[in-house]
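The values are calculated or read from the model by the stated rules, or taken from the named source; none is laboratory data. Note that the structure is a prediction, hence the values are computed from the model and not measured. Positions of Cβ are generated from backbone atoms using ideal geometry, with glycine treated the same way; all protein chains shown enter the neighbour counts. The accessibility values were calculated without ligands, DNA or RNA, using every heavy atom of the protein model including side chains. Shrake-Rupley method; radii C 1.70, N 1.55, O 1.52, S 1.80 Å.
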Amino acid sequence: MKITVLHADDAAEDPVIEQVTRALQAGGHTARVLPVEPHPAQVAAELERTAPDLVFNLAESFAGVSALEASVAGLLNLLGLRYTGSSLAGLALAGDK
């Protein structure tokens with residue numbers, strides 16, 4: 001399975017990203033890492049170009065703003081991609097407590 005590990009650019013040094021990627025590869029999957037910054041149009045174009053079977057969504061913010069976390073899920077929804085984690089609705093609801 002082709003899997004893209006998506007993360008916020010400000011989390012690029014987080015060891016969890018590498019650990020998840022290695023675990024996916026050890027499980028026989030093709031895994032690549034993609035930051036969601038700086039431009040969402042570029043991220044969308046890259047996701048459309050690579051056409052992953054699944055996006056492992058580790059993005060907890062966008063442009064350093066955690067309130068925009070739901071926007072990342074929204075972009076994945078618009079692209080029709082399957083992804084891990086909460087949905088746009090779930091993230092929006094949880095972010096507006």
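Values as computed for the structure displayed
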item: Largest-first ellipsoid semi-axes for the stretch 27-70, taking √(5λ) over the Cα gyration tensor eigenvalues, angstrom; result: 21, 14, 8
item: Lys/Arg +1, Asp/Glu -1 at C-beta; the chain dipole; positive extreme among 94, 63, 83; result: 83
item: Interatomic Cα distance distribution for the chain, bins of 5 angstrom, percent; result: 3, 14, 26, 25, 20, 9, 2, 0
item: Extension gain from residue 65 to residue 49, taking 0.36 nm per residue of separation minus the Cα-Cα distance; result: 3.1 nm
item: Accessible area (Å², per residue) of the chain, counting only protein heavy atoms and a probe of 1.4 Å; result: 58 Å²
item: Local net charge near residue 53, Cβ-Cβ under 11 Å (Lys/Arg +1, Asp/Glu -1); result: +2
item: Solvent-accessible area, 1.4 Å probe, carbon plus sulfur percent, for the stretch 1-80; result: 55 percent
